[in-house]
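**Q** Here it is, the structure in full.
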Amino acid sequence: MMRRKNARMGTRKKVHTFVRVKPTDDFAHEMIKYGDDNKSIDIHLKKDTRRGVVNNQQTDWSFKLDGVLHNASQDLVYETVAKDVVAQALDGYNGTIMCYGQTGAGKTYTMTGTTENYKHRGILPRALQQVFRMIEERPTHAITVRVSYLEIYNESLFDLLSTLPYVGPSVTPMTIVENPQGVFIKGLSVHLTSQEEDAFSLLFEGETNRIIASHTMNKNSSRSHCIFTIYVEAHSRTLSDEKYITSKINLVDLAGSERLGKSGSEGRVLKEATYINKSLSFLEQAIVALGDQKREHIPFRQCKLTHALKDSLGGNCNMVLLTNIYGEAAQLEETLSSLRFASRMKLVTTEPAINEKYDAERMVKNLEKELALLKQELAIHDSLANRTLVNYDPMDEIQIAEINSQVRRYLEGTLDEIDIINLRQIQEVFNQFRVVLSQQEQEVESALRRKYTLIDKNDFAAISAVQKAGLVDVDGHLVGEPDGQGFGLGVTPFSAKPGKKSKSKKTFKEQLSSSARKEGASSPVSGKELDVSTSKTQLTPSSKEGDVKDMTIRERETSSIEPLPSDSPKEELRPPRPSTPPPKPVAFEDFKNERGSEINRIFKENKSILNERRKRASETTQRINAIKREMDVTKEALNFQKSLREKQGEYENKGLMIIDEEEFLLILKLKDLKKQYRTEYQDLRDLRAEIQYCQHLVDQCRHRLLTEFDIWYNESFFIPEDLQVALKPGGSIRPGMVPVSRIMSLGEDAQDKFSQLQQVLLPEGPDSVAFYNAKVKTEQKHNYLKTMMGLQQAHRK
Ligand code: ADP
Ligand code: MG
């Protein structure tokens, strides 16, 4: 039969199987033959030896194992079977050695040996000796050894070392527990042994208990499974390594494998037989499942034996099976069955792996050391970079509050920049930005809620009701708020001092968003976020219907008065001019959102077109280069073909040169490439022209944006308000487009007059200011109209 190859063959290892033949004077020479390699064993059954039973059945079997131990000393058995497994356990590999076979075949002799005669000691005492010897050879490691001895009889667990003093949890009855670290038996005493002698005492104690139990409890020791376990734990003494290794060696003396209960056994014997047969057949099932790599589930929990050995069968262990057989003809049937078990075991593969664990306490200590070192390192870096006394500790509440205040001042514009100190501080700054932002969002929302009723934009019934009430105009825009409260919106009394500019009537939405932007000078909430028409809910004044209608009419009146300079409700939206102008970068952002938004939009559009063309040009260039490279290659190939042809002598047919197909194809290819090259090149030229043009546009736009900004900036923060009034009338001349010098010169007469008047009349007191303002304004208006009329006349001509 073909055996499947395992994909992970490299790391996998077969279970090692050995057979040990019990010495006998009556060895069945004709039936049992050993191979010369000491690894195979052939069994021949005479047809007539077992009448009926094996008639017409197979009579010859051949088994190939890892070694046949015939007439082997205890010493040799240990060397062959156990030595490597034990040695590897000290390096962190789990190991399992099991003895299988019918009662009397020598399992106990192999495992424990005779306790009276040192020479005939078995694997257990030898393993303990090897472990302690190896520990002596490794002074670099602190290695501890623990031992436990478990017996499983009739599906019950017995602690063969329970008679010894033991400090630990005693749980009765014992239970098999699984955890991520593996399987362990709760209630089983595990004894620390610091020297060989102690370990031997434990072993003898266990053996004695085994024998006593068989008398007092009337149990047959060949009917029980015994598991002697050596636990090893190794910590490095030299390295402060938090890693350490653990391993365990399981030495298993199984119950007799002979088929029992066939011939009318009763009572206790029948019960024993049933349990043994069951547990051994479950062991076999588990082993078959382990050998079948398609099997996902291994039935370990069917009996105590396989459950207790769950992490010692297959898995990551080094595993050895030793089959004890008789060499006598009378036992041949059981011998055959034992050898079959061994050959099934051979199919099992394991994946030995080191059991590494982490010592949490040591790990923390190492990390603390590392941390201290890194802090020192940081301090050195700081002093080299002339940064003194930077604190890298987590921030306390006061420090966080300070950062919060910095962020607020930054947003208000009173703080120009926030100095970077360290990573923690940067993270906290961002954190506080988030805090401030969400606070402000909440404030805005609750302010809105105090003032307005929110309607779901998808609730058409509500919207139409509101429309009927005249609160929403046809486009779904909401009309203004009547009482002029909140957000500084609303209608200003006609008599109030007019602002400096007037524009076409704004919808409520625009007013709201532009006013929000003005507020935004001290808050990061942009006008966009406040743009109610794009959000799911709409705002409706909660005030009385009449007021609203009134308001609408007044708004219309207002707009009809335009372009007269006064009375625009927009005027009062502008907050009083700050005593110190804002920094230009901040103002520029405002400008781009307000007055400069249109130019900015065009500027951005042009820029994106330019970028797109540039990208295309670069792609085309790449393509051209690729074509060029291919052309070069083709040319070279063509030259090579040509030289080949010349060397071989040219053929001519009626004056025509004859070339081979390869050369012909190359010529065609080159022609095609040249064509592509020309097309792409043409494209690139066109693109470059476009890019140049777009670049020009972008530059123009930028220039325009900046110029307009400068004008706006001067006008908003530097030019005296009275002077600006001169620019207002008509609104058809965009004030921003008039250079400051011209603004200054416009209406010079009026200014002169104003100054003169002021000089004459100001002594009357501040009450006179409104008067003079009105006077000057009227004169300016006339002045303006005169100019315009003059211009129109000039135009007609
Ligand atoms: P099992 O444990 O398989 O039932 P034992 O180990 O108890 O069998 O062996 C039965 C008897 O045979 C014991 O008296 C033991 O000393 C003896 N015996 C078994 N194997 C050998 C061997 N290889 N050399 C000498 N005596 C052996
Ligand atoms: Mg035995």
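**Q** Ranked by accessible surface with a 1.4 Å probe, highest first, in what order do GLU619, GLU197 come?
**A** GLU197, GLU619
**Q** Where Lys and Arg each count +1 and Asp and Glu each count -1, what net charge lies around ILE691 among other residues with Cβ under 14 Å from its Cβ?
**A** +1
**Q** Would you give the gap between the C-alpha center of segment 582-602 and the C-alpha center of segment 91-164, rounded to a whole Å?
**A** 87 Å
**Q** Can you give the local net charge around CYS303? Use residues other than it whose beta-carbon is closer than 9 angstrom to its beta-carbon, Lys and Arg +1, Asp and Glu -1.
**A** Net charge around CYS303: +2.
**Q** By per-residue mean of other Cβ atoms within 10 Å, what is the highest-first order of 282-290, 129-137?
**A** Averaged packing, sorted descending, gives the order 282-290, 129-137.
**Q** Which whole-number value in Å² is the accessible area per residue of segment 393-452, probe 1.4 Å? All intermediate terms of the calculation are to be shown ahead of the outcome.
**A** Working: 4270 Å² over 60 residues.
Counting only protein heavy atoms, the per-residue value for segment 393-452 is 71 Å².
**Q** Roughly to the nearest percent, how much of the accessible area of segment 393-452 is carbon and sulfur, given a 1.4 Å probe? Write out the running numbers ahead of the final one.
**A** Working: 2200 of 4270 Å².
So the carbon and sulfur contribution to the accessible surface is 52 percent.
**Q** Additional query: For GLN293 and THR114, compute 0.36 nm times the residue count separating them, minus their Cα-Cα distance, and round to one decimal in nm. Each step should come with its number before you reach the end.
**A** Working: separation 179, 0.36 × 179 = 64.44 nm, distance 3.96 nm.
So the chain would gain 60.5 nm between GLN293 and THR114.
**Q** How big is the C-alpha Rg of segment 393-452 next to the rule-of-thumb value 2.2 N^0.38 Å, as a ratio? It would help to have the intermediate numbers written out before the result.
**A** Details: Rg = 13.7 Å, N = 60, 2.2 N^0.38 = 10.4 Å.
Normalised Cα radius of gyration, segment 393-452: 1.32.
**Q** Ratio of Rg to Rh for segment 89-226, alpha carbon only, Kirkwood?
**A** 0.96
**Q** Which ³J(HN,Hα) values, rounded to whole Hz and listed in residue order, are derived for segment 611-616 from phi using the Karplus coefficients 6.51, -1.76 and 1.60 in 6.51 cos²θ - 1.76 cosθ + 1.60 with θ = phi - 60°, glycine and proline given as x?
**A** Calculated HN-Hα couplings, in order: 4, 5, 5, 4, 4, 4 Hz.
**Q** From the cross-link list LYS22/LYS310; LYS615/LYS642; LYS83/LYS310; LYS83/LYS186; LYS22/LYS83; LYS39/LYS248, which pairs have alpha carbons spaced over 32 Å apart?
**A** LYS615/LYS642
**Q** Name the residues whose placed amide hydrogens come within less than 5 Å of the amide hydrogen of LYS14, ignoring near sequence neighbours (fewer than 5 apart) on the same chain.
**A** Under 5 Å from the amide H of LYS14 lie the amide H atoms of THR350, each far enough along the sequence or on another chain.
**Q** Name the residue farthest towards the positive end of the dipole of segment 393-452 from the options ILE398, GLN425, LEU448, assuming +1 on Cβ of Lys and Arg, -1 on Cβ of Asp and Glu, about the Cα centre.
**A** Final value for the positive-end residue is LEU448.
**Q** Any idea of the accessible area per residue across segment 149-218, 1.4 Å probe, to the nearest Å²?
**A** 55 Å²
**Q** Ok, one more. Cβ under 12 Å from GLU662's Cβ, GLU662 left aside: what net charge do those residues give with Lys, Arg +1 and Asp, Glu -1?
**A** On the way: positive: LYS642, ARG645, LYS669; negative: ASP660, GLU661, GLU663.
Charge balance in the 12 Å sphere: 0.
**Q** Using a 1.4 Å probe on the protein heavy atoms, what percent of the accessible area of segment 47-199 belongs to carbon and sulfur?
**A** Carbon and sulfur: 50 percent of the exposed surface of segment 47-199.
**Q** I would also like to ask the following. Please give, to one decimal in nm, the separation of the simple spin-label points placed at GLU333 and ILE380, each 7 Å out from Cα toward the Cβ.
**A** 8.2 nm
**Q** TYR410 accessible area, nearest 10 Å², 1.4 Å probe?
**A** So the heavy atoms of TYR410 present about 90 Å² to solvent.
The values are calculated or read from the model by the stated rules, or taken from the named source; none is laboratory data. Computed from a predicted model, the values in this text were never measured in an experiment. Note that each Cβ is placed from the backbone with ideal geometry, even for glycine, and that neighbours are counted across all protein chains shown. SASA here: full protein model, heavy atoms, side chains in, ligands and nucleic acids out. Shrake-Rupley method; radii C 1.70, N 1.55, O 1.52, S 1.80 Å.
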